[in-house]
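Note sheet for the following structure.
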Amino acid sequence: MAAIPPPSPPVSHDTILGIGPVLIGALMSYLLMGTLIVQLYIYYMSFPDDRLFVKLTVYSVFVLDLVSTVAVTDSVWLMLILGWGRFENLHLVDWGFTTVPLWNSLSSAIVQVFFGWRVWMLSSHHSINEFEKKFWATMTVFIFAVSVTQVVGAIVSTARFVPISDLSFISICFPSTATWLSASAAADVMITVCMTVLLRRAIARSRRDYVSDITRQTDALLTRIIRNTIETAAITAGAAILELILFFRLPNTGLHIAIALILSKLYTNTLLASLNSRASFRLEEGSVGSRNPIAFRLDHSSHASSGTGAYFTDSSIQQPRC
């Protein structure tokens, strides 16, 4: 009778921390991709009259996410399938993984430039003097510059890592990766602060002009607009900051990789969630606007589009064209 072979040794803790997060990150990436496809369908059906600029933004980031999904699949296939049982494949990577920062930065930059444009459109109609116009113009340019900076950081990270393709030497990318992720988070925070300040000023001006007619429904709608603005930016900024922390504190694990695999799809999903939320705002717009002189235009249509998804049509807050 043949002897029973001894049991295989348990999987080491380091191996689990290396492979496990990568698998979870890939699964989350596919989940977010499915969510993105649904959101894209809703957008396509609900807003056929959006301006060309908005449509190009949406479809551009969707294509980038498709490419990112292919890169993620290639990375996971190499590490978990082709490299099954081979220890060296836990740290050797190919083009798929090394280009993930590039796709992430391009998606996030496009989304940030779009929201920066929203800031400019809102501020250009709410500035009361020349100083304010220059201030908000400077803030918009600064947002654009920070967005471009994070793309440069990601390109440098990709360029330095491609010739090596070994996670054991990922420390050479610390400076450029820090630039990429910190600039991405900084742009998100600036957009959130600017949008919140401008929307609150718009609300205060409307309440000042229509104190006797303001309703609870209007307050609820305005609060939802601000909350939506903060939440969408908080998700992406939080993810970028978390990846930066994990990258510096636990560089030899796959924890930061898990965040990197889903980062671009977080940006794209928040963009489409923000755009698609106009559908629910329109329903409230009808019920609120019928009883209140403060009427809302919450779309980006070619007829009466809104640069922020939240403009008022009273005399003091004019409705811009995008």
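A few points about this structure:
- Screening residue 155 with (1) touching a residue at least 40 places away in the same chain (Cβ under 8 Å); (2) among the aliphatic types (A, V, I, L, M); (3) closer than 25 Å to residue 118 by Cα gives one miss only, at (3).
- Residue in segment 6-25 that is under 20 Å from the mean Cα position of the chain (by Cα), modelled with pLDDT under 95 and in a helix (DSSP H, G or I) present: yes
- Cβ separations smaller than 6 Å between residues 6+ apart or across chains give the following pairs from segment 265-286 residues that are surrounded by fewer than 16 Cβ atoms within 10 Å (Cβ to Cβ) to residues that are assigned to a helix (DSSP H, G or I) and at pLDDT 75 or above: 279/46.
- Enumerated helices (runs of 4 or more DSSP H) restricted to segment 162-281, each holding at least 1 residues that are at pLDDT 80 or above and under 20 Å from residue 115 (Cβ atoms): 174-209, 216-249, 263-276
The values are calculated or read from the model by the stated rules, or taken from the named source; none is laboratory data. Source: prediction; values computed, not measured. In this analysis, Cβ positions are derived from the backbone assuming ideal geometry, glycine residues included, and neighbour counts consider all displayed protein chains.
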